[in-house]
Amino acid sequence: MRCLWVLIFFLCACNETEVDESSVAKVDAITIDTVDLELEARVRAMMGVGLPKLNNKNSTEFLTKWGDEHDERFVTMETKYGEIVVELFHDTPIHRANFIYKIFRKYYSPSEFIRVVPDFVVQGGNSEEERPQEMRFLIGLYSLESEFKDHHVHHRGALAMSRSYTNNPNKRSSSYDFYIVTGSDQSKGGLARIEKEHGFVYTEKQKSMYYNSGGVPHLDGEHTVFGQVIRGMDVVDSLAATPTDDSDWPIVKLEVKMAAHSELP
């Protein structure tokens with residue numbers, strides 16, 4: 001990682017300072033074979049060379065175009081317990097594009113799961129450590145338009161974005177902070193109460209999945225679900241079982257690295 005930030009400094013410095021003629025001979029001695037092109041590409045992606053800094057005014061247009069030009073819809077998450085594979089939904093295009101854009105910018109590689117609650121969710125993406133704070137500054141601070149779909153609910157394994165509950169009448173999503181549902185089995189009475197209170201009408205298939213597989217239905221209509229774990233729920237359960245402090249922060253670091261794919265890996 002130290003090499004990475006040294007290269008960032010080098011690339012920035014090259015654009016801001018004049019060449020020291022006394023060092024030309026040293027530079028000439030470096031051949032192209034010694035340049036780590038993969039590392040340089042990684043740095044350029046992290047810094048967003050040629051990409052705008054996003055905000056609430058320009059993010060929707062940019063992400064719509066990004067999503068049209070990038071067809072990735074599968075994400076692998078590498079953790080200490082194994083690999084999680086998630087499928088992203090095409091009918092939540094802004095959230096899909098935002099997630100794969102963050103992966104392209106290397107925001108989630110590495111990042112960490114910062115909150116784990118058994119029978120509820122594992123949450124990540126918004127660590128307050130130095131690197132993610134610097135990356136959020138480079139990429140931009142913005143929220144996402146909600147993309148609620150009746151057929152995408154908070155069943156076990158659902159991937160969704162967190163959001164602020166303060167001054168957010170349109171329930172716009174965070175653009176960084178995501179969670180995966182673990183949940184618990186739901187009773188018929190409990191689900192019927194949620195339907196009545198929120199005006200939902202679940203399909204028989206949705207009810208059956210909540211009864212038999214579990215989830216967190218009280219989050220339906222509150223957060224945008226934009227993907228589903230299709231492999232590795234045992235890994236998610238291992239993450240959820242990690243001991244935590246009183247604020248649900250895991251007492252050991254749960255690092256994750258992500259990659260996006262156009263086809264199922």
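Readers should treat all values here as calculations from the given coordinates under stated rules, not as data from a laboratory. Note that the coordinates shown come from a computational prediction; the quantities given were computed from them, not determined experimentally. Neighbour counts are summed over all protein chains in view; Cβ atoms, including those assigned to glycine, are modelled from backbone coordinates with ideal geometry.
Points worth noting:
- Length released on extending from Glu255 to Val117, taking residue separation times 0.36 nm less the Cα-Cα span: 48.0 nm
- Net charge over other residues, Cβ less than 15 angstrom from the Cβ of Leu264 (K, R count +1; D, E count -1): -3
- C-alpha center-to-center spacing [region 177-234, region 45-120] in angstrom: 23 Å
- Evaluated over the Cα positions of region 51-261, the convex hull gives a direction-averaged projected area, one quarter of its surface, of 11.6 nm².
- Using 0.36 nm per residue and subtracting the Cα-Cα separation, the extra length available between Thr64 and Glu134 on full extension is 22.7 nm.
- Kirkwood Rh, angstrom, region 172-214 [1 / mean 1/r, Cα pairs]: 11.8 Å
- Links that overshoot a 25 Å alpha carbon limit, given the list Lys65/Lys149; Lys106/Lys149; Lys80/Lys171: Lys106/Lys149; Lys80/Lys171
- When each of the peptides 169-175, 102-108, 195-201 is scored by the mean number of other C-beta atoms lying within 10 Å of its residues, the order from highest to lowest reads 102-108, 169-175, 195-201.
- Its relative contact order, with pairs defined as Cα atoms under 8 Å and 6+ residues apart, puts region 51-261 at 33 percent.
- Look at Glu72, Glu263 and count the other Cβ atoms within 10 Å of each Cβ; fewest to most, that gives Glu263, Glu72.
- Extension gain, Asn168 to His218: 0.36 nm times the residue separation minus the Cα-Cα distance gives 16.2 nm.
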